Every structure is written in C-alpha cells, then in structure tokens.
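> Mind looking over this structure? Questions follow.
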Amino acid sequence: MTADTGRGGPTPTERMFEADTASRGLGIELLEHGPGRALLRMEVTDRMVNGHGIAHGGYLFLLADTAFACACNSHGPVTVAAGAGIDFVAPAREGDVLTALAEERTRFGRSGVCDVTVRRGDEVIAEFRGRSRALRRPGPEQSG
C-alpha cells in the first residue's frame, strides 16, 4: 500500500481497510491511497458469477463502495455512506482483474461526493458515485 502522507504509523484508510473483513475476505486489495483517493483491486472468482455467466452487480458495487470508503475516510473522522448509485457499463467475467479508482470530488461541512471508476485494464466496467457524511468533525488532536 502506498500512502501520500508523511506520518508514521497506519493511516486512517489503512486502519479502516484492515478492519474490513468483508472486503478483504473477497480478496480485495488496497493498492494505493492518499487524501481523498484510493485504488483497489479485485479478481472476479467463480463464486461472484451470476446465472448469466457474468459478475453479479452486487460484487461490482461492493468493490466500488470499498474504494469510496477508503477515499472518504482518508481525512480521519469516521465517514459513512449517505447514499450511492452505480451505472454498469460492461460485463465482467470470472478471472477478470478489476481496479476501482476513487476520487473525492468535493467536501462541504461534514458531507462529500466521491466518484469511482471500475475498470478491467483500460475498459470501464462501471461508474459509481457516493455521497458521504462524517460522523463527527475532527478536533485539534486529529490534525497534523
């Protein structure tokens, strides 16, 4: 994992991802992260394929949602999803290695908007937009 912070010890993103047994249990990997951004990877397994032989949309949503969580929690305060939507652009299949790049678009007060693009190589598989809400404002002890 690569963090763009100059601090010692695990970042808020690394701490959150380490505790995310649901995502890690599916083989999702945190490749890179920094303030308001995250890049994750997941391989589509036989257990993720639906009756049409393509990746179930729920797994694609989960990958994008995990990238979203990593990006919006990078600032420190615990941040949760207030809502999200996804557009499926192309099917993914068993054996495909997918990446999800999350980029925060804006933060205002305790809210934010983050876009995630899920790709297979250079091909876009899905576009996700999440709306976040920080549960509390950072105090002076959380800065720096």
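The values are calculated or read from the model by the stated rules, or taken from the named source; none is laboratory data. Computed from a predicted model, the values in this text were never measured in an experiment. Don't worry about glycine lacking a Cβ; one is built from the backbone with ideal geometry, like all the others, and counts go over all protein chains shown. In case anyone asks, the SASA skips ligands and DNA or RNA and just uses the protein heavy atoms, side chains included. Shrake-Rupley method; radii C 1.70, N 1.55, O 1.52, S 1.80 Å.
> Restricting attention to strands (runs of 3 or more DSSP E) lying wholly within region 14-111, give those where 2 or more residues are within 22 Å of D122 (Cα to Cα) and among the small types (G, A, S). Write out each step before concluding.
Numbers: elements: 29-34, 37-43, 79-88, 97-108.
It comes to 97-108.
> Also, quick follow-up: For region 51-97, enumerate the residues that are under 14 Å from the mean Cα position of the chain (by Cα), open to solvent by 50 Å² or more (accessible area, probe 1.4 Å) and closer than 16 Å to D115 by Cβ.
Listed by number, the residues that qualify are F61, D65, A81.
> So G76 passes all but one of these: (1) in contact with a Cys (Cβ under 7 Å, 6 or more places away or on another chain); (2) at positive phi. Which condition number does it fail?
(1)
> Out of all the residues in region 101-126, which are out of contact with any Lys or Arg (no Cβ under 8 Å at 6 or more places or on another chain) and open to solvent by less than 70 Å² (accessible area, probe 1.4 Å)?
Result: T106, G109, T117, V118, R120, G121, V124, A126.
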